[in-house]
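Structure first, then comments.
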Amino acid sequence: MLLTARCVALTGASGGIGGALTGELVRAGARVIAIGRSEPALHALVQEHEPGRVIPVIADLTTPQGVHDVARAMDQQGASVLVLAHAQPAFGLFGEQSDRQMRQVVDTNLIAPMLLIHAALPTLKRYQQAAVVAIGSTLGSLAHPGFAAYGATKFGLRGLIEGLAREYADTSIQFQYLAPRATRTSFNSAAADAMNRELKVGQDEPAQVAAQLVRAIERGDARRQLGWPESLFVRINQLFPSVVDRSLRNKLHIVRRHAGVTTSQSKSMERDHEEVPN
């Protein structure tokens, strides 16, 4: 799929990978509908590119209005590609996370993509070649302690895309699940970054990830795990999950030490949010 002269709708456009991906899509010749919740961030992104190449859409995809606004923009701008790059982080100990946190991560990472794809299908069906691309995670194939809730949403997203790829296999719409490994962005909390350093988890730069993602979109890869040795670990987990079980069990003390910090901070922030001022 050549992206030249295509219109691509990109959620999470103002995030770490999203901003880099916007630039890479523009360099590939596409116009980008940049979707996000922050008007200042989207405005700054628009200013980085030639007029008309980036069209901002401010939308909260966890709301019916947000989904409607994006679907309408795709229809009006003639978008034949939808890239789902938004996500809500949820690093922390599962037993100590609140109901509210878990509902937020599921609504953002799984329900919102599901509803947006559903709303965008009538537009995508008009084109001889169209695509839905979900930017997933290694954690959508390899469950990791400290990321149980987040990983569950990425497993669900991967299942959604795989199911739709098979359901629409005889149509003009292709569905792709592309999974980066850890990336150096503000998406990760300080505690998650600290844990990754102690566990010696490899991290990529956003520009590097964006370039690989665009190449995978153009090739039409149905599924792709980025990064080595993560791609090997994913395969081992599929074939010999008990090997991964033993390896991660030996690292639980490290995970709990860092994830516990994040969980405590999240609880404190929720209490502050719920306090009623005098």
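Tabulated data
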{"quantity": "Stokes-Einstein diffusion coefficient of region 17-163, Kirkwood radius over Cα pairs, 10 °C, 1.306 mPa s, in µm²/s", "calculated": "98"}
{"quantity": "Top of Leu121, Leu142, Leu252 by mean-square fluctuation, Gaussian network on the chain, Cα under 10 Å", "calculated": "Leu252"}
{"quantity": "Value of D in µm² per second that Stokes-Einstein yields for region 85-180, Kirkwood Rh from Cα pairs, at 4 °C (1.567 mPa s)", "calculated": "92"}
{"quantity": "The chain - accessible surface per residue (Å², probe 1.4 Å)", "calculated": "50"}
{"quantity": "Virtual paramagnetic centre 7 Å along Cα→Cβ of Arg126, amide N under 19 Å, in region 70-89", "calculated": "70-83"}
{"quantity": "Rounded percent of accessible protein surface that carbon and sulfur make up, region 152-231, 1.4 Å probe", "calculated": "51"}
{"quantity": "Euclidean distance of C-alpha centroids, region 73-132 and region 197-256, integer Å", "calculated": "22"}
{"quantity": "Helical mean residue ellipticity (222 nm; -39500 (n - 2.57) per DSSP H run of 4+; nearest 500) of the chain", "calculated": "-16000 deg cm²/dmol"}
{"quantity": "Rounded to whole Å, sorted largest first: equivalent-ellipsoid semi-axes of the chain, Cα gyration tensor", "calculated": "31, 23, 18"}
{"quantity": "Once the Cα gyration tensor of region 129-180 is diagonalised, semi-axes √(5λ) in Å", "calculated": "25, 10, 6"}
{"quantity": "Ratio Rg/Rh [Cα only; Rh per Kirkwood] for region 18-67", "calculated": "0.99"}
{"quantity": "Using θ = phi - 60° and Karplus 6.51 cos²θ - 1.76 cosθ + 1.60, couplings along region 190-206 (whole Hz; Gly, Pro as x)", "calculated": "4, 5, 5, 4, 5, 5, 4, 5, 5, 7, 6, 7, x, 10, 10, 7, x"}
{"quantity": "Arg215 paired with Lys200, simple spin-label distance in nm, labels 7 Å along Cα-to-beta-carbon", "calculated": "2.6"}
{"quantity": "Pair Leu232, Gln104: separation of 7 Å Cα→Cβ label points (nm)", "calculated": "3.8"}
{"quantity": "Stretch gain in nm, segment Leu252-Ala222, where the contour uses 0.36 nm per residue and the Cα spacing is subtracted", "calculated": "7.5 nm"}
{"quantity": "Those aspartates and glutamates that a straight Cα-Cα span of less than 20 Å connects to Lys154, excepting residues fewer than 8 apart in one chain", "calculated": "Asp60, Asp99, Asp107, Glu162, Glu167, Asp193, Asp204, Asp221, Glu230, Asp245"}
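The values are calculated or read from the model by the stated rules, or taken from the named source; none is laboratory data. No experiment lies behind these values; they were computed from the predicted model shown. A quick note on method: Cβ atoms are made from the backbone with ideal geometry, for glycine too, and the neighbour counts reach across all protein chains shown. Quick note on the areas: whole protein, heavy atoms, side chains included, nothing else; ligands and nucleic acids left out. Shrake-Rupley method; radii C 1.70, N 1.55, O 1.52, S 1.80 Å.
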